[in-house]
Amino acid sequence: MLKVEDWAEIRRLHRAEGVPIKEIARRLGVARNTVRAALSSDRPPKYERAPRGSVADTFEPQIRALLKEWPRMPAPVIAERIAWPYSMSPLKKRLALLRPEYVGIDPVDRVQYEPGEITQCDLWFPETRISVAAGQERILPVLVMTLGFSRYLSAAMIPSRQGGDILSGMWSLISAIGRVTKTLVWDRESAIGGTGRVTTPAAAFAGTLATRIRLAPPRDPEYKGMVERNNQFLETSFLPGRHFASPQDFNHQLDDWLLRANSRTVRSIQGRPADLLETDYLSMLPLPPVVPPIGLNRRIRLARDYYVRVDTVDYSVDPQVIGRFVDVTASPETVTVFCEGQVVARHQRSWAKQAVVTDPAHATTAQRMRQALALDRRQREAATRHHPDGHAVTLRALPDYDALFGVDFNPIPTKAGNE
C-alpha cells in the first residue's frame, strides 16, 4: 500500500514541479500505475481491512424474528431462545445494531425555557446515613428543585417521602425564593402522582399557589434532566468528605454549599444562576397570602393510651381529652395536636423510627387522673352497705317489690271503665 508521504510527494512533484510520471516512478521506485492512481485520488490512501464475518451472522434471522415480536427482549433471554453457544459480547454488539430498527430511536431536543416558566423537582437519596437518635441512623430523602431558566438550585433534607413532608419541603424552598414558577415538573413519585394522576394533596397545594404540577412520562428521566444532573452534582461535589451530626447539620452544610454552587458559571446558560435569578423571579407568580395545605394531617379519637402516631413515632397528648376527637398536624419541625381548636400537645418532630416522645406534664396528669379514679372507687366501696358476715347488701329497685307482691299502681283502663 502506498504511504501517505509518498502520495503527497507524487502530487507535489507532478503538479508543482511538472515532473513526468515515468520520472516520478523511477525516483520513488513505484509502478507508473501507482503514480497515476495517486494523481487521480484527491484523498490520501487509507488502509481498510476487509470485513470479516461474525459468529452472529448465522443467528441474525432468528434474532430478527424475536425482536420483531418482542423488541425489548433482554440479551440473556434471546441467547437462551436461539441456543447461543458463544460469549455474550458478539451477541450484544449485534443487538445494539439491530434493536433500534424495531424499538425506534427517541432523539432528545435541546429545550430553551423562558423566565418564570418551569421548576424541575426530584428526590435525591444520599447513601450517607444520618444520625436521627441515640444509636439510630437513617438514609433520608433530599428534596431538590431547579429553576429552568436560571438553573438556580435549592435543596433540603426532609423526614420522609410522604406527601405531606414533600409538600412542606416544597413550600419551604419556594418561600425562600419568594415566588413560584408557572409549572412544577415531577416524576411518578408515589406521593405526587404515582398512579399517573396528580394526588389530591398535591393538586390542592398547586391550586393554592395558582401553579400546576406536570408529571413526566414513565421511565423517562431525561424529561427532567436538569434536576437529575443536579442530583449527580450533589452526589459528586457536595457529599464526599463530609460528616453530618444530624439532619439539621446536613441542611446547614447544604445551605452553605448552595451559595457557592449557585455562584458558579453554568456553560449551558453562559452565566451564573445567582445572577439570572432576578430575571426568573420577575416572571414568576407571586405567592398567595395564605399557606397552602402542607404537612401530615389526620383526625382520630384519642384512646386510653393517650398517644398519637406520626410516621411510626408515638407522641403523648393531654390525657384529659381521652375519648374525644383530636386533629394531628406534623411539619418537619413540630407535631401539634388540637382538640376543638385548643392545643393539647406540641412536640419537636422526631425523625427516628419506632420512637416514643412523652411530655412530662402529660405523664403527670395521667398519674393524677389514675389516683383520682382509684380514690373515687375506694369511696364508692366504703359507701356500700354490708351484712354482718361481710358481703355487700344488694339494693333492689322498687318495681321488683311491686312485682313480688302483685301490686300494680298503674292499672290499664278497661273498655267498660272507659264507657
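The values are calculated or read from the model by the stated rules, or taken from the named source; none is laboratory data. What you see is a predicted model; the values in this text were computed from it and never measured. Heads up, the Cβs are rebuilt from the backbone with ideal geometry, glycines too, and the neighbour counts pull from every protein chain shown. With ligands, DNA and RNA removed, areas are computed over all heavy atoms of the protein, side chains included. Shrake-Rupley method; radii C 1.70, N 1.55, O 1.52, S 1.80 Å.
Go over the candidates Ala83, Ala79, Ala75, Ala56 one by one and state the one that is loosely packed, with under 14 Cβ neighbours inside 10 Å, over 30 Å from Ile10 (Cβ atoms) and under 43 Å from the mean Cα position of the chain (by Cα).
Values: Ala79 fails: loosely packed, with under 14 Cβ neighbours inside 10 Å; Ala75 fails: loosely packed, with under 14 Cβ neighbours inside 10 Å; Ala56 fails: loosely packed, with under 14 Cβ neighbours inside 10 Å.
Only one candidate qualifies: Ala83.
Anything in segment 220-235 that is open to solvent by 20 Å² or more (accessible area, probe 1.4 Å) and within 14 Å of the chain's Cα centre (by Cα)? List them, or say none.
Scanning segment 220-235 gives Pro221, Glu228.
Please specify each residue of segment 152-192 satisfying the condition of being farther than 26 Å from Asp249 by Cα, under 11 Å from the mean Cα position of the chain (by Cα) and not aliphatic (A, V, I, L, M).
Of everything in segment 152-192, those that are farther than 26 Å from Asp249 by Cα, under 11 Å from the mean Cα position of the chain (by Cα) and not aliphatic (A, V, I, L, M) turn out to be Trp186, Asp187, Arg188, Glu189, Ser190.
Given the condition within 28 Å of Arg161 (Cβ to Cβ) and basic (Lys, Arg), answer yes or no: does some residue in segment 318-340 qualify?
The answer is no; no qualifying residue exists.
Are any residues in segment 240-271 open to solvent by less than 70 Å² (accessible area, probe 1.4 Å), polar (S, T, N, Q) and part of a helix (DSSP H, G or I), and if so, which ones?
Those that are open to solvent by less than 70 Å² (accessible area, probe 1.4 Å), polar (S, T, N, Q) and part of a helix (DSSP H, G or I): Asn251, Gln253.
Phe149 passes all but one of (1) open to solvent by 10 Å² or more (accessible area, probe 1.4 Å); (2) within 20 Å of the chain's Cα centre (by Cα); (3) within 24 Å of Thr265 (Cβ to Cβ); which number fails?
Looking at each condition in turn, Phe149 falls short on (2).
Over 30 Å from Gly323 (Cβ atoms) and of a type in the set (Lys, Arg) - does that describe any residue in segment 279-298?
Among the residues of segment 279-298, not one is over 30 Å from Gly323 (Cβ atoms) and of a type in the set (Lys, Arg), which makes the answer no.
Take segment 308-329 and flag every residue that is in a loop (DSSP other than H, G, I, E, B) and surrounded by fewer than 16 Cβ atoms within 10 Å (Cβ to Cβ).
Selection gives Thr312, Gly323, Arg324.
Pick out the one residue from Ile300, Ile294 that is outside any helix (DSSP H, G or I), open to solvent by less than 50 Å² (accessible area, probe 1.4 Å) and touching a Leu at 6+ places or on another chain (Cβ under 6 Å).
Result of the check over Ile300, Ile294: Ile294.
Taking only segment 330-365 into account, find how many residues are closer than 26 Å to Ser131 by Cβ and touching a residue at least 24 places away in the same chain (Cβ under 8 Å). Step through it out loud before you land on a result.
Of segment 330-365, the ones closer than 26 Å to Ser131 by Cβ are 330-336, 345-360.
Applying the additional criterion that residues be touching a residue at least 24 places away in the same chain (Cβ under 8 Å) yields 330-332, 335, 345, 347, 349-359.
Number satisfying all stated conditions: 17.
Would you please list the contacts, defined by Cβ atoms under 8 Å and residues six or more apart or on different chains, that run from a residue in segment 113-139 that is at positive phi to a residue that is crowded, with 19+ Cβ neighbours inside 10 Å and of a type in the set (Phe, Trp, Tyr)?
Once the first residue is at positive phi and sits in segment 113-139, its partners that are crowded, with 19+ Cβ neighbours inside 10 Å and of a type in the set (Phe, Trp, Tyr) give Gly116/Phe149.
Go through (1) over 30 Å from Ala355 (Cβ atoms); (2) open to solvent by 30 Å² or more (accessible area, probe 1.4 Å); (3) among the charged types (D, E, K, R) and name the single condition Asp305 misses.
Only one criterion is unmet by Asp305, namely (1).
I need the full set of residues from segment 277-291 which are open to solvent by 40 Å² or more (accessible area, probe 1.4 Å), in contact (Cβ under 8 Å) with a residue 12 or more places away in the chain and not in a strand (DSSP E or B), in order please.
Thr279, Tyr281, Leu282, Ser283, Leu287, Val290, Val291
For segment 330-364, enumerate the residues that are in a strand (DSSP E or B) and either of a type in the set (A, V, I, L, M) or surrounded by fewer than 12 Cβ atoms within 10 Å (Cβ to Cβ) (or both). Step through it out loud before you land on a result.
Looking only at segment 330-364, we keep the residues that are in a strand (DSSP E or B), and these are 330, 334-339, 342-348, 356-357.
Those that are in a strand (DSSP E or B) and either of a type in the set (A, V, I, L, M) or surrounded by fewer than 12 Cβ atoms within 10 Å (Cβ to Cβ) (or both): Ala330, Val335, Val337, Gln342, Val343, Val344, Ala345, Gln348, Val356, Val357.
How many residues, within segment 222-274, are out of contact with any Pro (no Cβ under 9 Å at 6 or more places or on another chain), of a type in the set (Asp, Glu) and in contact (Cβ under 8 Å) with a residue 40 or more places away in the chain?
1
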